[in-house]
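As structure tokens, the structure follows; a few thoughts come after it.
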Amino acid sequence: MLDLEIKRPNSLSTIGDSPASKITVKIKNRLGLHGRAAGKLVTAAKPFRSKLFLVRDDRRADVRSIMSLLTLECPYNTEVSLIGIGEDAEEAITVLAKIINDRFGEA
Amino acid sequence: MILPPPFVPKKNVFCGVGVGRGLAIGPVHVITSNSRIRHRTYEISPDQVKPELALLEQAIQKTCAKFKAAQKALPPELVGQEGDILSTHLMLLNDPHLIESVTQKIEQDKLNAESALAFYFNQHIKTISAFKNEYLKSRVFDVETVRNSVIATLQEDEHEQGLPSFYQKGCIVAARELSPSEVATLPVNLVAGLVTERGSRTSHSSLVAKTIGIPCVVGVSSLLSRLGDRSQLILDAPEGHVIIDPDHDTLSFYQKRKNSMESDRLEINRSAHLPATTLDDHQVRIMGNIELVEELPDIMACGGEGIGLFRTEYIYTMKDELPTENELFESYRRVVATVSPSPVVIRTLDLGADKITAIKDLTPNNHDAGNLNQALGLRAIRFCLKNQDLFRTQLRAILRASVFGELRIMLPMVSCLEEIRETKRLIFETTQELKKEGHSVKEKISLGVMIEVPAAVIIVKELGREADFLSIGTNDLIQYSLALDRTNPEVMELYQPHHPAIIRMIKTIIDAGKELNIPVSVCGDMAAETISAPLLVGLGAEILSMPSGSIPKIKRLLRMSSFEDLQRLSFEVLESTNNEESENLIRQLFRGRFDELT
């Protein structure tokens, strides 16, 4: 398993031999990261091959697992980081960050 | 086959909304949020690991299939939108971590699949239950639902192998509310019926309940507090009744009724697609009543020959805004195109301002929304003609949909000629408008008038000359003619469809139609009742329109009748002096021939 040094995330450029990317965003929809919102991230992650994580404080969730996203507890205004590791990591987390910034299409 | 007497149990009867068909009789099984489902934990031997994993895989796949089937029962535009919790539940079920973690538990701890699954879900349920954010915490419900659904499916399979299960075979599940996912995964080999305190005919769980093939009654308020652990229940889905701890007579009545319904249903449904042609070759057209596009497949499957009443109120009551022309057009178009080449009769808005969510608080006519009787107030065609912007929007949508099939327009609650003339003028104007804007509108669209007000019966010939067809709304006609409020229990027993006044009025309407050479249909409850439909045909009604559930049996009843007999019956009934005498005459004709005169 990989061990992310998320305390110094800005220095993140590679992990092992794989390129890594990171974007920090805020959950801006009123209801927070609930089932349908998390589902949108899971669906969006599908076409990518990179490992993708959503990190909150010192805990991280696998973006491909809705259960791990839902057990992270990310209400309105939570700051989270998207971290991708792999060839298409940067593209993937850009897509994911956009979904979060668009408030999952909600209020 | 013996005709059961009309039987109304007096005690312990509670009313709700019936969903689906049939009767269920059995012990109650109450489900509360803590008692939802119990799992069994036991260790397995190493050589049982493989079959246990296969069982797990199978249960997950089967639950997925049930969720997907349930999703199909919901309005298609809902999928992916707010309220579509089934998509979230499917995703939780297909979570890659689920299969990985549960498999590991089975392999390493040698636990049965059921308890390994429960362990996985309970772990996460515990985490979510400790959340500080109230909303996210409340969504622990989703995880619980999925857990319960998979475990229920596992137990359903295991029951087939003779293992004991959470549900006693033949039980009736009672709950405050079940989510669509839980309804979809009720083990129907064990559970005979479902009754809930919450829910309405169109709530998502109800739409799903219709598809799982067991009788359900929803919206029975304060049901659970009346139930004991060992209560016996009778569910009567067609009537929407729940009877708690029936006495001996009630029980034996329903037992008989259930048996005859079951044997009849097989035969009746097999022949649903056949036309309703009497023994002496008189043909009656049997059409369906719908409120939602989603009800169409049922009407088709039950042998409905078009839609005789498409109610258009639902969308106005559901949202805080008035529906747009395009929204209305889209729903009308779908119905008309799906049913084409058979006809669809669209009834224009049959509501007053008090029922329209978007305007109920701001309308200047709101002063009669208080204690005054809404049935006598500004509603239906009266309301539409006073709110012409709203009416024009609906008419434009209807007219635009006209080119997609055989569409007809029907006006509710007409009481004077001017209402038809004014509507015709509006139809003419909006047609010109639409054409100018480049829309196509069918040249000749039939316009019908509902006869449901006593005054309209008296001037029916004058009204009929302005119309292309007449349709009898029996429910309102009875209410207005007998001067009784259908919602007032004190006068319920006076609601008599076979009162001589009603029968004679129906006769007057049908005769007027014959004289003017325009068709007359009946679209109220009477058309759907086995006791009334043959009489209506005998009186000369050419079209009966009813909910899907009644179509097969009414068709069958008419197929085994002779028109000559029905005509003779109608003459006798026209001479009767009260409701009971009329009903006895009808029952006599069918005695020993049609068991299900229920």
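So A:ALA107 clears everything in (1) farther than 15 Å from B:PRO96 by Cβ; (2) modelled with pLDDT of 95 or more except one condition, right? Which one?
Among (1) farther than 15 Å from B:PRO96 by Cβ; (2) modelled with pLDDT of 95 or more, the lone unmet condition for A:ALA107 is (2).
I want to confirm something. Restricting to the range B:299-331 and keeping residues that are under 24 Å from B:VAL520 (Cβ atoms) and either in contact with a Cys (Cβ under 9 Å, 6 or more places away or on another chain) or part of a helix (DSSP H, G or I) (or both), which single residue is modelled with the lowest pLDDT?
Of everything passing the filter in the range B:299-331, B:ILE299 is modelled with the lowest pLDDT.
With the requirement that a residue be under 11 Å from the mean Cα position of the chain (by Cα), more than 8 Å from every other protein chain (Cβ to nearest Cβ) and surrounded by fewer than 21 Cβ atoms within 10 Å (Cβ to Cβ), what does the range A:46-71 give you?
Within the range A:46-71, A:LYS51, A:VAL55, A:ARG56, A:ARG60 meet the criteria.
Residues being out of contact with any helix residue (DSSP H, G or I) (no Cβ under 7 Å at 6 or more places or on another chain), more than 28 Å from B:LEU266 (Cβ to Cβ) and crowded, with 18+ Cβ neighbours inside 10 Å: count how many of those fall in the range B:550-578.
Final tally of qualifying residues: 0.
Per-residue answers, yes or no, for (1) in contact with a Ser or Thr (Cβ under 9 Å, 6 or more places away or on another chain); (2) within 19 Å of B:SER340 (Cα to Cα):
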position: B:VAL403; (1), (2): yes, yes
position: B:CYS416; (1), (2): no, no
position: B:THR431; (1), (2): no, no
position: B:LEU434; (1), (2): yes, no
position: B:SER440; (1), (2): yes, yes
position: B:ILE451; (1), (2): yes, no
position: B:ALA456; (1), (2): yes, no
position: B:LEU477; (1), (2): no, no
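Looking at the range B:84-196, what helices (runs of 4 or more DSSP H) fall wholly within it and have at least 3 residues that are within 14 Å of chain A (Cβ to nearest Cβ)?
B:85-93, B:96-109, B:113-129, B:134-138, B:140-160
Just checking, which of B:LEU362, B:LEU407 is modelled with pLDDT under 95, assigned by TED's automatic domain parsing to the domain that holds B:VAL520 and not in a helix (DSSP H, G or I)?
B:LEU362
Could you tell me whether the range B:274-285 includes any residue that is within 29 Å of B:ALA353 (Cβ to Cβ), assigned to a loop (DSSP other than H, G, I, E, B), in the same structural domain as B:VAL403 (by TED's automatic domain parsing) and touching a residue at least 12 places away in the same chain (Cβ under 8 Å)?
No, the conditions are met nowhere in the range B:274-285.
Looking at the range B:385-407, which of its residues are in contact with a Pro (Cβ under 9 Å, 6 or more places away or on another chain) and either more than 21 Å from B:PRO323 (Cα to Cα) or among the aromatic types (Phe, Trp, Tyr) (or both)? Steps first, please.
As a first pass, look at the range B:385-407 and keep what is in contact with a Pro (Cβ under 9 Å, 6 or more places away or on another chain): B:393-394, B:397, B:405-407.
B:GLY405, B:GLU406 - these are the residues of the range B:385-407 that are in contact with a Pro (Cβ under 9 Å, 6 or more places away or on another chain) and either more than 21 Å from B:PRO323 (Cα to Cα) or among the aromatic types (Phe, Trp, Tyr) (or both).
For the range B:393-425, give me each residue that is in contact (Cβ under 8 Å) with a residue 40 or more places away in the chain and over 16 Å from B:VAL336 (Cβ atoms). Working first, answer last.
Step one: of the range B:393-425, the residues in contact (Cβ under 8 Å) with a residue 40 or more places away in the chain are B:393-402, B:404-417, B:420-421, B:423-424.
Within the range B:393-425, B:THR393, B:LEU411, B:PRO412, B:MET413, B:VAL414, B:SER415, B:CYS416, B:LEU417, B:ILE420, B:ARG421, B:THR423, B:LYS424 qualify.
How many residues does the range B:419-454 contain that are assigned to a helix (DSSP H, G or I) and out of contact with any helix residue (DSSP H, G or I) (no Cβ under 9 Å at 6 or more places or on another chain)?
Here the count works out to 7.
The values are calculated or read from the model by the stated rules, or taken from the named source; none is laboratory data. Keep in mind that what you see is a predicted model, and the values were worked out from it rather than measured. Every residue, glycine among them, receives a Cβ derived from its backbone with ideal geometry; neighbour counts consider all protein chains shown.
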